[in-house]
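Here's the structure we're looking at; comments come further down.
Please treat every number below as a calculation from the coordinates, not as lab data. Keep in mind the model is a prediction, meaning the values are calculated, not measured. Every residue, glycine among them, receives a Cβ derived from its backbone with ideal geometry; neighbour counts consider all protein chains shown.
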Amino acid sequence: MLKTAAAVLAFVCLTLLSIPMSAQLLPDGNLYGGVSYGRFNEVINQQSYRGWNGSGEAFAFARFPHISVVIDASGFYRRNTSGKITQYNFVGGPRLSQTYGRWRPFVHALAGIQLVNSGGVTYNPIAIDLGGGADYKLNFKNFSWRAQADAIRTRYAFATQYDYRASTGIVWRF
């Protein structure tokens, strides 16, 4: 299932990011890769996790250049007394951004699936990710630095869970 999800994510990213380039206020797309720190609730326990975060963004709406489509994936890992805990998030949706000099703040509302394996027990709730951040344009051509924060809401077995994620990393704009 994970290989299938990764293949679908790669296909969608390549499809969305292959839109022909045109002169706009914002670049036609970007790829982001970075590290993440997460604070997750497991029913009654709150635990911290470390992992990775990556996304692909395409500016598909020529009429609305500040609205884009983003696909985001992240993975978090931790060991505890019951074994290894892994969590993967695959979400997508709209992002609203505006450029101010070297800064490009953004907000997004994404939805998708969360894959959790905790001590051999697997569950896959629907995830809703609300967040935002800012890109700072570096002196290197087509590169920015991103800081991002997200709140991820899931519902599983009649319980609502709120997770928090902070990410930072490098953005390649094209």
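Can you tell which of S82, W103, L115 lies farthest toward the positive end of the dipole of the range 31-174, using +1 and -1 charges on the Cβ of basic and acidic side chains (Lys, Arg; Asp, Glu)?
Highest projection toward the positive end goes to W103.
Give or take rounding to whole Å, what are the principal axis extents of the alpha carbon atoms in the range 107-152, in descending order?
That gives 47, 21, 14 Å along the principal axes, largest extent first.
Starting from the Kirkwood radius over alpha-carbon pairs of the range 74-157, derive D by Stokes-Einstein at 37 °C in a medium of 0.692 mPa s and give it in µm² s⁻¹.
So the translational diffusion coefficient is about 222 µm²/s.
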